[in-house]
Structure formats: C-alpha cells, structure tokens
Amino acid sequence: FGSHRVIMLIGFVSVWSQLRSRKAEMPRLFVILSGEVMDVFDKLVAIYSKIREVNDMLQEREGVSYEQVSSLLQAVGLHVDPLLLRMYEFRNGIDNLSAFLNFLSAEEAVQRYKDFANFKAEFSDFEWSEGVLPILDINGDVQVCVDLASGKLVTVDIECDSNRVIAPHYSAYVDALYEVFAAGHFKYDPASGSIELDDTLWRDVANRYGII
C-alpha cells in the first residue's frame, strides 16, 4: 500500500470531481444509485463522495471567476479549457487531498508553468512541452500535469529531469479508479492522512485500462 502514484491518482480524481457543485452532488448520486448509465463525471462524484467520507483534512480555497482564470492562462499563451475554468471557479486550489498532495491554485499552476518554460529555455533537452499545465503537486517534488491539447496525464520532475506520460487520457484513470472504489478496495490512514489502494489489485486494473 501507499506510493506517490497512488497519492497522485487519488488527487486527480478529487480535483476533477470538484467540477460538480455541492448542490448537484445529491441529485447526481441519486442517478448513480438508480442504476442509470454513468458518465465520467458521475463516476468522479461517486468516487469523491467516498473520499470525503473518510478524509476530513481537505482544505479548499474559494473559487475565482472565469475572467480571472482566462486572463492568467491567456497571458502565457495557454488554451482556455472550459473544464479548467469551471474547476477554478468552484475551488481555486485544494490542500491535503491526500498525504503530501495539493491541487494547485490557478496562480500557482501558471507560475509552475512559467518555471517549466524558463527551465526549458535554459536546458533544451528538458522533456517538457508547451501546453502541459501542472495541476497537482506531490510533496513539492513531482508535478502532475494535463496536456491541454490531448488530455494526456504527464508527470514532471525537474530534480530528476524526468517527464513521462502516465495515461493516454485522464478518463482512463477515472474508469480504473471507479472500478477499484466501487469494489471498496481502498483504505484511509488517519495517521498519515493518505488514501491507499491495494497495489496488486490496482496494477491489474491499471493494466487493463492502459495506465502506466
């Protein structure tokens, strides 16, 4: 149990599930429980509801306007993704999603993006591409990023000079995690503040969904 990868996965689910307002949670959960076909956001709400039941350490920051986020992204030449706008409008950063994991605010994400661009300008062999925006921070060492053009998930570690695609699209993570959470194969460690998955089970599920 317990790895940076697991923490990252939980954090990604938590972040994207914030696209749903609290007012919408109960109706969506009713639809889920009624047995109707679930889309990716239904699954996120279902997963996140389980996380919220056990993790009382979440610290959410108030959202900001579409205009503020659009201005920040456009200032660095980034594609203005409607999902990002909604996400930051609802919560502009969430701390303690799991142990050592934080959802970056729009300002923090753009600053990290600038840092990557500057690093790339100085070291041309740094394997980072424009349009890859950090959204999660793991222990200050690794950034989990979304390629705004393709939806790929990418981890970037400047200290270790590594950059790799971990999933062809974020929806693959959601599908895999929903399968694990729906079966109840997770636990919360209150001492460390981390939500952990069974590594063997997760590896099997991840392989079936093409997750590295």
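Is there a residue being assigned to a strand (DSSP E or B) and within 19 Å of the chain's Cα centre (by Cα) anywhere in segment 65-87? Walk me through it before giving the result.
So the first thing to find is which residues in segment 65-87 are assigned to a strand (DSSP E or B), and the list is none.
The answer is no; no qualifying residue exists.
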Sole residue being open to solvent by less than 20 Å² (accessible area, probe 1.4 Å), at pLDDT 90 or above and of a type in the set (Asp, Glu), chosen from Asp189, Asp137, Asp115, Asp147: Asp137
Sole residue being farther than 20 Å from Thr155 by Cβ, modelled with pLDDT under 95 and polar (S, T, N, Q), chosen from Ser49, Ser98: Ser49
Go through (1) open to solvent by 10 Å² or more (accessible area, probe 1.4 Å); (2) not in a helix (DSSP H, G or I) for Leu97 and report which single condition fails. (1)
Could you say which residue among Gly131, Gly140, Gly193, Gly184 is closer than 27 Å to Gln74 by Cβ and of a type in the set (Gly, Ala, Ser)? Gly131
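For the condition farther than 25 Å from Tyr88 by Cα and open to solvent by less than 70 Å² (accessible area, probe 1.4 Å), what is the one hit in Ala172, Ala182? Talk me through it step by step, then tell me what you get.
Details: Ala172 fails: farther than 25 Å from Tyr88 by Cα.
Every option except Ala182 fails the conditions.
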Taking the residues in segment 118-134 that are in a helix (DSSP H, G or I) and of a type in the set (A, V, I, L, M, F, W, C) as candidates, determine which candidate is modelled with the lowest pLDDT. Phe119
Every residue in segment 177-209 that is closer than 18 Å to Ala99 by Cβ and free of Cβ contacts under 8 Å to residues at least 12 places away in the same chain, please. Pro190, Ala191
Under 6 Å between Cβ atoms, which residue pairs at least 6 apart in sequence (or on different chains) link something in segment 70-83 that is under 15 Å from Asp147 (Cβ atoms) with a partner that is surrounded by fewer than 16 Cβ atoms within 10 Å (Cβ to Cβ)? Leu73/Val80
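For residues in segment 152-161 being of a type outside the set (D, E, K, R) and out of contact with any Pro (no Cβ under 8 Å at 6 or more places or on another chain), which is surrounded by the most Cβ atoms within 10 Å (Cβ to Cβ)?
Taking segment 152-161 as the starting set, the residues that turn out to be of a type outside the set (D, E, K, R) are 153-156, 158, 160.
Restricting the remaining residues to those that are out of contact with any Pro (no Cβ under 8 Å at 6 or more places or on another chain) gives 153-155, 158, 160.
Working: Leu153: 26, Val154: 21, Thr155: 20, Ile158: 17, Cys160: 9.
Only one residue fits best here, namely Leu153.
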Only listed residue being without any contact (Cβ under 8 Å) to a residue 24 or more places away in the chain, under 24 Å from Tyr113 (Cβ atoms) and under 16 Å from the mean Cα position of the chain (by Cα), chosen from Val154, Val132, Val144: Val154
The condition from (1) under 25 Å from Val45 (Cβ atoms); (2) touching a Leu at 6+ places or on another chain (Cβ under 6 Å); (3) open to solvent by 10 Å² or more (accessible area, probe 1.4 Å) that Phe90 misses is numbered (2)
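The values are calculated or read from the model by the stated rules, or taken from the named source; none is laboratory data. Since the structure is predicted, the reported quantities are computational estimates derived from the model, not experimental observations. Positions of Cβ are backbone-derived with ideal geometry, glycine not excepted, and every protein chain shown enters the neighbour counts. Areas reflect the complete protein model, heavy atoms only, side chains present, ligands, DNA and RNA absent. Shrake-Rupley method; radii C 1.70, N 1.55, O 1.52, S 1.80 Å.
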